[in-house]
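J.: For reference, the structure I am asking about is given below.
The values are calculated or read from the model by the stated rules, or taken from the named source; none is laboratory data. All figures in this text were calculated on a predicted structure; none of them were measured in a lab. Positions of Cβ are generated from backbone atoms using ideal geometry, with glycine treated the same way; all protein chains shown enter the neighbour counts. What goes into the accessible areas is simple: the full protein's heavy atoms, side chains included, and nothing from ligands, DNA or RNA. Shrake-Rupley method; radii C 1.70, N 1.55, O 1.52, S 1.80 Å.
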Amino acid sequence: MGLKFPSAESFVTSRLDEVINWSRKFSLFQYPFVTACCGMEFMAVYGPHYDGARFGSEIPRFSPRQADLLFVVGTVNHKMAPILKRVYEQMAEPKWVIAFGACASSGGFYQNYSTVPGIDRILPVDVFIAGCPPRPEAVLDGIIQLQKQIQDKDSGPSGFSGINPRQTKEELLLSRE
Amino acid sequence: MPPLTALIKKDFPKLYLDSHAQHGDETVSIKRAGMLELFLFLKDDPRCKFDMMIDLTAVDYLPRSPRFEMVYHFKSSPLHHRLRVKIPLEESACQVDSIEPLWVAADWYERECWEMYGIDFQGHPNLKFLLRYEGFQGHPLRKDYDKLLMQPLVPMRPVAERHDYGEVFQYVQEPPPSVPEQEPS
Ligand code: SF4
């Protein structure tokens with residue numbers, strides 16, 4: 001961000017979308033969709049020791065309508081899949097999804113009738129965090145990766161739409177997949 | 001012969017099939033017809049007093065005949081002994097009497113067993129889906145249920161570009177041919 005602090009005048013020049021992306025990336029309200037053992041590690045991340053709040057993703061919102069970031073933590077089975085999809089659809093744009101742990105990313109060691117082999121079969125996922133369960137450092141790294149993605153996203157001249165006018169309709173649909 | 005086995009063999013000679021004992025725990029195999037009489041005896045007789053149903057499940061011994069075997073575990077808290085009861089079942093007649101009227105704890109175990117193995121528990125008051133969902137076809141813990149066969153409730157997005165090995169899972173809504181669906185009776 002081209003921040004300049006001229007000595008006498010008190011105004012800052014920047015591109016609007018960069019400011020918006022910057023504010024979005026440091027105010028990620030997360031919705032924890034915790035289903036299995038990875039939840040313990042999730043609690044560790046947001047406990048005082050690792051303190052995920054340092055990265056601006058401070059408050060868990062237990063209503064998807066108030067959340068920006070969907071944390072899918074743990075095994076998702078086919079019986080749970082419609083619920084997860086519904087939670088995702090209830091979230092307001094812009095929204096991001098993190099698959100937390102091996103089970104959410106790929107089904108983990110489950111290969112059977114009941115487990116969804118990776119939540120990206122149901123939702124678009126922005127960041128996959130590997131590990132069974134992932135270390136808190138890995139989770140923090142995942143959050144930082146997501147923040148980079150958000151900052152680098154070209155959200156168009158208005159900054160609000162999230163639509164890049166230079167994209168064709170096909171590219172847009174592809175990126176929304 | 002261990003005491004409980006001897007008791008059952010003497011009182012229920014028509015039901016008795018087989019037995020063995022290991023480390024002081026006895027196992028008795030019995031026939032299906034008239035099994036409730038024996039279970040009532042196990043629960044109420046002062047020499048048995050099995051007041052606790054610990055576990056109940058089935059085993060699929062494909063391709064053996066009889067294919068299935070019901071396994072019941074009982075414990076007596078006043079007398080501190082245990083007993084395992086097995087009931088072999090043919091595939092063509094995989095049904096047993098529900099023991100839910102005797103041990104309430106058997107309720108959910110029987111529902112699970114019905115879902116996973118397709119064994120019909122006659123007289124069960126509430127044989128409904130517990131772990132499976134509506135529309136699930138087949139019985140997933142049977143040996144002939146394909147482990148890659150999934151029955152998703154939401155449409156699955158294609159993610160083949162992520163996998164070098166291509167799509168290994170099958171999403172089939174039809175039941176596999178050898179597994180007939182059983183509706184609650
Ligand atoms: S990835 Fe490992 S720790 Fe996480 S939910 Fe799956 S089994 Fe549990």
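J.: Using Cα-only point scatterers and the Debye equation, what is log10 of I(q)/I(0) for region A:29-143 at each q in 0.11, 0.13, 0.14, 0.15 Å⁻¹, rounded to two decimals?
T.: Here log10 of I(q) over I(0) equals -0.30, -0.43, -0.50, -0.57.
J.: For the full complex of protein chains and a 1.4 angstrom probe, list B:Val104, A:Val76 by accessible area with the highest value first.
T.: Listed by decreasing accessible area, they come as B:Val104, A:Val76.
J.: Set the Förster distance to 51 Å, then compute FRET efficiency between A:Ala138 and B:Ile54 from the Cβ-Cβ distance, nearest 0.05.
T.: According to the calculation, E is roughly 0.80.
J.: From the backbone phi of region B:23-28, what are the Karplus-calculated ³J(HN,Hα) couplings (6.51 cos²θ - 1.76 cosθ + 1.60, θ = phi - 60°) in whole Hz, Gly and Pro given as x?
T.: Calculated HN-Hα couplings, in order: 6, x, 9, 9, 10, 10 Hz.
J.: Among residues other than A:Val45 whose Cβ falls under 13 Å from its Cβ, what is the net charge (Lys/Arg +1, Asp/Glu -1)?
T.: Net of charged neighbours comes to -3.
J.: Kirkwood Rh over Cα pairs of region B:3-97 into Stokes-Einstein at 37 °C, 0.692 mPa s: D in µm²/s?
T.: Estimated via Stokes-Einstein, D reaches 241 µm²/s.
J.: Using a 1.4 angstrom probe with every protein chain in place, what is the largest-first accessible-area order of B:Asp18, A:Asp68, B:Asp25?
T.: B:Asp18, B:Asp25, A:Asp68
J.: Something else: So which trypsin sites (Lys or Arg not before Pro) in region A:47-94 are both in a DSSP loop and have at most 15 other Cβ atoms within 10 Å of their Cβ?
T.: Taking region A:47-94 and a limit of 15 other Cβ atoms within 10 Å, the loop trypsin sites (Lys or Arg not before Pro) found are A:Arg61.
J.: Turning to a different aspect of this structure: Round to the nearest 10 and report in Å² the accessible area of B:Ser19, as given by a 1.4 Å probe over the protein chains' heavy atoms.
T.: Accessible area, nearest 10 Å²: 40 Å².
J.: Also, quick follow-up: Label points 7 Å out from Cα along the Cβ direction at A:Arg15 and A:Arg61: separation in nm?
T.: My value for the distance between the label points is 2.6 nm.
J.: Right, another one. Please list, ordered by chain and number, the residues whose modelled amide H lies under 5 Å from the amide H of A:Val97; skip anything fewer than 5 residues away on the same chain.
T.: The list, which skips near neighbours in sequence, is A:Leu70, A:Asp126, A:Val127.
J.: Additional query: Where the accessible area of region B:3-97 is counted over protein heavy atoms with a 1.4 Å probe, how much of it, in %, is carbon and sulfur?
T.: 53 percent
J.: Moving on to the next point. Tell me, what is the 1.4 Å probe accessible area of B:Lys43, in Å² to the nearest 10?
T.: 70 Å²
J.: Please work out how much accessible surface B:Asp97 shows to a 1.4 Å probe, ignoring ligands, DNA and RNA, in Å² rounded to 10.
T.: 50 Å²
J.: Once the Cα atoms of helix B:35-44 and of chain B are each reduced to a long axis, what angle between those two axes, in degrees from 0 to 90 to the nearest 10, is obtained?
T.: 60 degrees
J.: Quick one: order B:Asp55, B:Asp60, B:Asp44 from most to least accessible surface, probe 1.4 Å.
T.: If we order B:Asp55, B:Asp60, B:Asp44 from most to least accessible, we get B:Asp44, B:Asp55, B:Asp60.
J.: Once amide H atoms are built 1.01 Å from N in the peptide plane, which residues 5 or more positions from A:Val116, or in another chain, come under 5 Å H to H?
T.: For A:Val116, whose amide H was placed from the backbone, the distant partners under 5 Å are A:Val76, A:Asn77, A:His78.
J.: Explain nothing, just compute: Karplus ³J(HN,Hα) = 6.51 cos²θ - 1.76 cosθ + 1.60, θ = phi - 60°, for every residue of region B:95-112 in order, whole Hz, x for Gly and Pro.
T.: Going residue by residue, I get 8, 9, 7, 6, 9, 4, x, 8, 10, 4, 4, 6, 3, 5, 4, 5, 5, 5 Hz, with x marking Gly and Pro.
J.: Can I ask one more? Label-point separation (nm) for A:Tyr110 and A:Leu174, each offset 7 Å from Cα along Cα-to-Cβ?
T.: 3.3 nm
J.: Long-range amide H contacts for B:Asp60: which residues qualify at under 5 Å (H placed 1.01 Å from N, peptide plane, sequence gap of 5 or more or a different chain)?
T.: Counting only residues 5 or more places away or on other chains, the set is empty.
J.: Next question. Using only atoms on other chains, find how many Cβ atoms lie within 10 Å of each Cβ of peptide A:106-116 and report the average.
T.: 4
J.: Same structure, new question: Just to check I understand the Karplus step: with θ = phi - 60° and J = 6.51 cos²θ - 1.76 cosθ + 1.60, what whole-Hz values come out for region A:64-80, glycine and proline as x?
T.: x, 6, 9, 9, 9, 10, 9, 8, 9, 10, x, 5, 10, 9, 5, 6, 8
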